[in-house]
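Okay, so here's the structure we're looking at.
The values are calculated or read from the model by the stated rules, or taken from the named source; none is laboratory data. Remember, it's a predicted structure, so these values are computed and weren't measured experimentally. Here the Cβ is made from the backbone with ideal geometry for all residues, glycine too, and neighbour counts use every protein chain on show.
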Amino acid sequence: MVASDPNAKGLSNAWDKQDKNDEWGWKRPKTSICGRENKELAYYRFCAFVKITGCGIFTVESNDMASKATIPGRKAPLGKYEAFVPAPLPPQLEWTPRLIRVLSEADRLIGKLAGEGGRLPNPHVLMRPFVKREAVLSSKIEGTQATLGELLAAEAGATVDRRPEDLREVGNYVIALEHGIARLKELPLCVRIIRELHEKLMTGVRGEQATPGRFRKIQNWIGKPGSTPATASFVPPPPDEVEPCLAAWEKFVHESDLPPLVTVALAHYQFEAIHPFLDGNGRVGRLLITLFLIERGVLPTPLLYLSAFFEAARRDYYDGLRGVSERGAWNEWIEYFLLGVARMSEDALSRAAHMNDKLAEWQKKVAGDSTNAPLRVVELLAANPFITVKGAADKLDVAFTTAQRAIERLERLKIVKQVGDAKRGRVYCAEALLEILEGPAQLRPARA
């Protein structure tokens, strides 16, 4: 509970030898999405060094250096309680063999997602339900109860038994993400975009009184219902420290020479520790993960979403964040974050592949029909497994009766099934696709 007073694709390709002028002897990216060649080159050199040394990096030179890693910030006395002001990033990290191993695995799998995901038959179409899945799960972490099926059904025109406010909150998440992706074509990831994301996210929903798009001017805190700043489990920086902390956050994001996955893990912790808004901090923080990976060219499109992992391991998520604030447990947090990247990269690839297999199976069933309308309706199901006759007719620009016959054909083939018993405005669902989308997150490594 938060309370208040009143075209580097996959990095796994970096091992290809090339360029005699490169002292590391490894292929480097031609450019990055934001033109940060020097930063990405530093990362590829780091990866090459890890490979050459067999993951044997040891940067802890003294006990004094190790002790600095346990000081994540300072306490600001505020009467009967203290607020936590995080120190500027980056901290001194201990590059243990375990951390390098986890980073290497996450790097390999997100590289595989970037490469293979882009080669899927319908990457841009499949991205739409994946974005909505992330929106549902990120909002669920904050207490919103809408399900993915309800969101997709409502979007298709069905009446669902869910508060409109919940559906609007999830819908706003999608709007904010799409806005952020569009803005990255004009601006680097920055404090200005953060404010815009928050405004999109919080407009017209509960928490709107928390001044959408504006940083807080009063103290907030995190704790159980009824807690006060004095009894809270965490008290973020005082209001006058918020903007200086965010300025340091932005500087780190722009200038970090650490591996991108480590950079974003650190940046996510820091943003949540700053807690710059009265509400919506968690959702904005998770949006920034996706946007950072796109900006850095780690992923070509928003294919990876960590909210499913955070939701499935919610206690570990909050324990990891708290562990940094209380005892400087950076390695534990980064390893947890990288584990999420690895598992959700596998999950996204597996989910997308299963959806494409099912779509290909259905396309084969209707390929010999005298009209291509059933085939085109199958293609629509990739974006949303719920459909109506009117919706199909409008999207395909065909007559209502043509769309109706096409859906009836899919119903006979058991591809779609009517939802509910309405006589007019019937809604149909491709349940096999919905089951794939709503399936639990894959938390264990995929078998080779």
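Residues considered: E186, E178, E208. Of these, the only one that is assigned by TED's automatic domain parsing to the domain that holds R322, under 21 Å from P302 (Cα atoms) and at pLDDT below 95 is E178.
For region 163-201, the tally of residues that are out of contact with any Ser or Thr (no Cβ under 8 Å at 6 or more places or on another chain) and either polar (S, T, N, Q) or more than 22 Å from F252 (Cα to Cα) (or both) stands at 15.
Answer yes if at least one residue in region 368-378 is assigned to a loop (DSSP other than H, G, I, E, B) and aliphatic (A, V, I, L, M), and no otherwise.
No, every residue in region 368-378 fails to be assigned to a loop (DSSP other than H, G, I, E, B) and aliphatic (A, V, I, L, M).
I'd like the residue in region 220-231 that is buried (at least 19 other Cβ atoms within 10 Å of the Cβ) and within 28 Å of the chain's Cα centre (by Cα) and, out of all such residues, is nearest to R195 (Cα to Cα). So the residue we want is N220. Scanning region 160-189 for residues that are in a loop (DSSP other than H, G, I, E, B), of a type in the set (K, R) and over 17 Å from L137 (Cα atoms) yields a single hit, K185.
Could you count how many residues in region 77-89 are more than 10 Å from P236 (Cα to Cα) and surrounded by 14 or more Cβ atoms within 10 Å (Cβ to Cβ)? Going through region 77-89 one residue at a time, the tally reaches 4.
Kindly provide the set of residues from region 402-424 that are touching a Lys or Arg at 6+ places or on another chain (Cβ under 6 Å) and over 13 Å from V378 (Cβ atoms), ordered by number.
Q418, the sole residue that qualifies.
Taking K390, is it part of a helix (DSSP H, G or I) and touching a Phe, Trp or Tyr at 6+ places or on another chain (Cβ under 8 Å)? Yes: the conditions hold for K390. For G117, the stated conditions do not hold, so it cannot be described as within 20 Å of G439 (Cα to Cα), out of contact with any strand residue (DSSP E or B) (no Cβ under 6 Å at 6 or more places or on another chain), small (G, A, S) and surrounded by fewer than 18 Cβ atoms within 10 Å (Cβ to Cβ). Only one of the numbered conditions (1) assigned by TED's automatic domain parsing to the domain that holds G282; (2) in contact with a Ser or Thr (Cβ under 6 Å, 6 or more places away or on another chain) is not met by A373, and that is (1). Under the condition of being farther than 21 Å from D257 by Cβ and either surrounded by 20 or more Cβ atoms within 10 Å (Cβ to Cβ) or touching a strand residue (DSSP E or B) at 6+ places or on another chain (Cβ under 8 Å) (or both), the residues counted in region 91-113 number 2.
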